[in-house]
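The values are calculated or read from the model by the stated rules, or taken from the named source; none is laboratory data. The model shown is predicted, which means the values in this text are computed figures rather than measured ones. As a convention, Cβ positions derive from the backbone with ideal geometry for all residues, glycine included, and neighbour counts pool all protein chains shown.
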Amino acid sequence: MLLKILIILIIILLSYSIVPTYFYKVKYRLVEKRKSKEKVLYLTFDDGPDEKYTAKLLDLLKKYNIKATFFVVASFARNNPQIIDRMKKENHCIGLHSFEHKNALFQSRGYTKYDFEESIKIMNDLGVNIKFYRPPWGHCNIFTSREIKKYNLKRVLWDVMVQDWQGNTTVEAITDKLLLRSKENNIICLHDGRGENEAPSRTIKALQKAIPIWKMNGYKFATMEDYYEEKSIT
């Protein structure tokens, strides 16, 4: 009897979130990837805005005249409107990374609806028209796609992840991974909030080392708007 219950629970879990998540990840890799004729990287940042770190990151991007995409947690954005204003003024792209950074695996239908509804309301109040959505951990459930379609959002994953949120990583390790793993037209996922042991500070320091090398090697930088609208990158 216990085994039957366990099997039923596994089937429910697979059907509710795991299968939808990996189906979309495969679809994203095989169908939705864009190709560019230019040598471009797309820097994206999750889990902010953070009062301590995001402004420092924006300073660094401004220094190199780089436009990036910030997938913000709506409740954090609500608490840091001045940072959102700065992102807008400096022409960064602002996407959504959920309301409270909860895993879709454990979200009910009602909460999934609330997550999107509340997030969009907050971002509209902040003067941001959200076009792009990145689910926390890349996970979705059977109701996520319905909400994405309802709000006319484009779901965005990534090509490069460097584990910059980990508490035991180093600036050197992040820098090495960025330089070794990144290539033309890659979407790079980094973090300007959350993480362990002041992780975003190491991400910023790693970018201070990686950006000059990328630029020396001829890379340009663009946002998700450029990626999906296939603009010429200048």
The residue that is surrounded by the fewest Cβ atoms within 10 Å (Cβ to Cβ), considering only those in the stretch 137-154 that are farther than 26 Å from LYS89 by Cβ, free of Cβ contacts under 8 Å to residues at least 60 places away in the same chain and not basic (Lys, Arg), is TRP137
For ILE5, indicate whether it is at pLDDT below 70 and either in contact with a Lys or Arg (Cβ under 7 Å, 6 or more places away or on another chain) or of a type in the set (A, V, I, L, M, F, W, C) (or both).
-> yes
Filter result for the condition that a residue is among the polar types (S, T, N, Q), free of Cβ contacts under 8 Å to residues at least 60 places away in the same chain and out of contact with any helix residue (DSSP H, G or I) (no Cβ under 9 Å at 6 or more places or on another chain), over ASN65, ASN103 = ASN65
Restricting attention to the stretch 182-212, and to residues there that are in a loop (DSSP other than H, G, I, E, B) and closer than 21 Å to GLU51 by Cβ, which single residue is farthest from the chain's Cα centre (by Cα)?
-> ASN197
Out of curiosity, is LYS113 over 18 Å from the mean Cα position of the chain (by Cα) and loosely packed, with under 15 Cβ neighbours inside 10 Å?
-> no
Mind checking whether some residue in the stretch 155-171 is modelled with pLDDT of 95 or more, surrounded by fewer than 17 Cβ atoms within 10 Å (Cβ to Cβ) and part of a helix (DSSP H, G or I)?
-> no
Check the stretch 213-230 and report whether any residue there is assigned to a helix (DSSP H, G or I), over 16 Å from the mean Cα position of the chain (by Cα) and under 23 Å from VAL26 (Cα atoms).
-> yes
Residue that is farthest from the chain's Cα centre (by Cα), among those in the stretch 15-42 that are over 30 Å from PHE143 (Cβ atoms) and modelled with pLDDT of 95 or more = VAL40
